[in-house]
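Some notes on the structure that comes next.
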Amino acid sequence: MSRAPLPTTLRGHERREAGRQYVDMKGAPLPNRVTVFERSTMKRLRNALARVLVKIPDSLFDKLLVFLPSSRRNAVMHKRARARFHWYVGEKVGGFMVETDPGPVGPDEIIMKTAVLNKAEAPRQLDPDIYFEKAYRQLLDWLQLLERHSFNLRTLGSVLELGCGSARLIRHFRCLQGVRLVGTDVIPESVAWCQQNIPGVEFYVNDLTPPLKFAADSCVDLVYAASVFTHIPMETRDLWIQEMYRILRPGGFLLCDVLGRYHQQRMLGKEDREQLRKQGHFTLTAKDPKASLSTQLIGSWDVFMTRAEVLKAFGSRFQVLDYIPSTLDLLVLQKPR
Ligand SMILES: C[S@@+](CC[C@H](N)C(=O)[O-])C[C@H]1O[C@@H](n2cnc3c(N)ncnc32)[C@H](O)[C@@H]1O
């Protein structure tokens, strides 16, 4: 289709919009100036909506959600989480922030292998709005938490995600200009998909046992492992803690989570919990029907530890800055300077 000549007074983004031929509801071409006006008005309205969404307190937002049709709720929650994340990052780093396309949702097979506790929750985890909403919310929570421990987003130079799955989280760090981003996982298909679909991040396959061959000593500012130490067997747990310590620079941060009381109550029987209490740890293998669906699908492990065991294991190398009980208990760790 031939395009109408561009008016010369338009700025860059308006030219790009005007370069497309928009049509009205009957299919007749619209003049470019009208298109530009409509598009920029829509953009302003969208920005205004995002600003309102960011400002509404959680308690009020939850109440307002009830008035939306259920089919729209996840999309609005996604929009709000995205707006809040970008607003926070923008406030912190100002001109170091760059607009990025979040990219595609991970394919169903990878999400099933990396995020699903049981069949009943599969449809929820596969919903694209939930996939993105959870990621933005999780990252915002983490950044706000790290900030309380003198972490500075403006001086962040490198981030590594151990067990990156479908790059659900690491992709969003691309909104920070000039930060080296690395994702690594033991599942080659996940890594291949990420390499093909998420530009701006280096992805590697790693072995079940360290080292991370591509990472030098003391080279990373921030490492995180979201729901990964929950699947690392006891035989290699301390090796991985030591590996995280090796690659972090002194003063660098490690965020990771473990299966705490919430999952112990949900997934383990009384006798299992008794053994956990006695040993300090308890493992469900992939063959165990109580194991999570993801663990069964990839032949992994669900590893439970007591609070004392967690503090002993991670505290042997790191300064434990915080240990927050939640659906997954979150550890905020720092490599001593
Ligand atoms: C529950 S999934 C979480 C994926 C991703 N972190 C997220 O939050 O979407 C756990 C991931 O850790 C990976 N994983 C397990 N053990 C690992 C190890 N030793 N090294 C690297 N990745 C590992 C699995 O392959 C899987 O992709």
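Quick notes on this one:
- Long hydrophobic helices in the chain, taken as whole DSSP H segments with a C-alpha length of 24 Å or more on their own axis and mean Kyte-Doolittle hydropathy at least 0.5, are absent.
- Unsatisfied cross-links (Cα-Cα over 26 Å) in the set Lys43/Lys92; Lys92/Lys335; Lys55/Lys92; Lys55/Lys134; Lys287/Lys335: Lys287/Lys335
- Computed as a quarter of the hull surface, the mean projected area of the alpha carbon convex hull for segment 64-106 stands at 4.2 nm².
- Gain in span if fully extended, Ser59 to Glu274, counting 0.36 nm per residue against the direct Cα distance: 73.6 nm
- Comparing Ala135, Ala81, Ala50 in a Gaussian network model of the chain (Cα springs below 10 Å), the most mobile by mean-square fluctuation is Ala50.
- Expressed in Å, the radius of gyration and Dmax of the Cα atoms of the chain are 22.7, 77.
- According to the calculation over all Cα-Cα pairs in segment 242-331, the P(r) per 5 Å bin from zero is 3, 13, 22, 21, 19, 14, 7, 2, 0 %.
- Gyration tensor verdict on segment 181-269 (Cα atoms; rounded if a/c is under 1.5, prolate if a/b is larger than b/c, oblate otherwise): oblate
- Gyration tensor (Cα) of segment 164-322, equivalent ellipsoid semi-axes in angstrom: 28, 20, 13
- Shape summary of segment 87-165, radius of gyration then Dmax from alpha carbon positions: 15.2, 44 Å.
Laboratory data are not the source of any read-out in this text; all were calculated from the coordinates shown. Keep in mind the model is a prediction, meaning the values are calculated, not measured.
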